[in-house]
Amino acid sequence: MKNTDQQLEALHDIRKMMQDSSKFLSLSGLSGVFAGVYALVGAYFGTLVMAEYVFGHLMEEESEQAYQNLLLKICLICAGVLVLSIVTALFFSSRKAKRNGQKLFDHTSKKLLVNMLVPLFTGGLFCLALVLHGNGFVLMVSPAMLLFYGLALINSSKFTLHDIRYLGYLEVILGLIAAFLPGYGLLFWAIGFGVLHIVYGGIMWFKYDRAK
């Protein structure tokens, strides 16, 4: 009986090792927290830019050039949040990978990136098309970003921590709600990319990183 239990435990350990080897486990919860903070800061500056544009409209100073400047500023803010988030994720993931004796870029991480980038790249082009089609379509950019980002997380979750799938579900749900309330796009963007990332990152840090 004892030998049987030992064999079952050994099989369980082997199975766990095989599953872990097929997943990228170096994602750091801290990178999610920082990404959320960057998003909230970006939302704050986005609010200031929007307020400036609305004030100009009330003062009858609105023009096509003012609208183009608004789009440019919003795009720069989003790009800044994205770049900072990527750099931070690479830094913390690299540090965690070294601590665990793993490689940051291996076969599994490449599969993770491919499965994440396909929906993200598609969503990026779709959002660009919305921006180019004019003012009425721009209101759907924020919901589209949340939807495609959520789908990217769900699609790539099989190659990393399974918890990321639940974040993806929440992003998709939030994006669908935002699609029916287009006037609150910036608020939903702040909740999805800011608050949810901070909460998710904190949970992941306590669950996987803190003990190590």
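Coordinate-derived values only; no laboratory data. This is a predicted model, so every value here is computed, not measured. All Cβ positions, even for glycine, are placed from backbone atoms using ideal geometry, and neighbour counts span all protein chains on display.
Here are some notes:
- Highest average first, the peptides 145-152, 116-123 ordered by how many other beta carbon atoms sit within 10 Å of their residues are 145-152, 116-123.
- Once the Cα-Cα distance is subtracted from the 0.36 nm per residue extended length, the Glu64 to Tyr208 segment shows a gain of 46.9 nm.
- The distance separating the Cα centre of segment 72-105 from that of segment 168-203 comes to 20 Å.
- Model label sites at Lys103 and Tyr169, defined 7 Å from Cα along the beta-carbon direction, differ in position by 3.4 nm.
- Reduced Cα scattering model of segment 80-212, Debye log10 I(q)/I(0), q = 0.14 Å⁻¹: -0.68
- A viscosity of 1.306 mPa s and a temperature of 10 °C, combined with the Kirkwood radius over Cα pairs in Stokes-Einstein, give a translational diffusion coefficient for segment 113-174 of 134 µm²/s.
- Two-site FRET efficiency, Phe91 against Tyr184, from Cβ-Cβ distance with R₀ of 22 Å, rounded to 0.05: 0.10
- Amide H to amide H, with H built 1.01 Å from N, Thr160 comes under 5 Å of Phe24, counting only residues 5 or more places away or on other chains.
- The simple Förster model, with R0 at 30 Å and r as the Cβ-Cβ distance, assigns Leu48 and Leu125 a FRET efficiency of 0.60.
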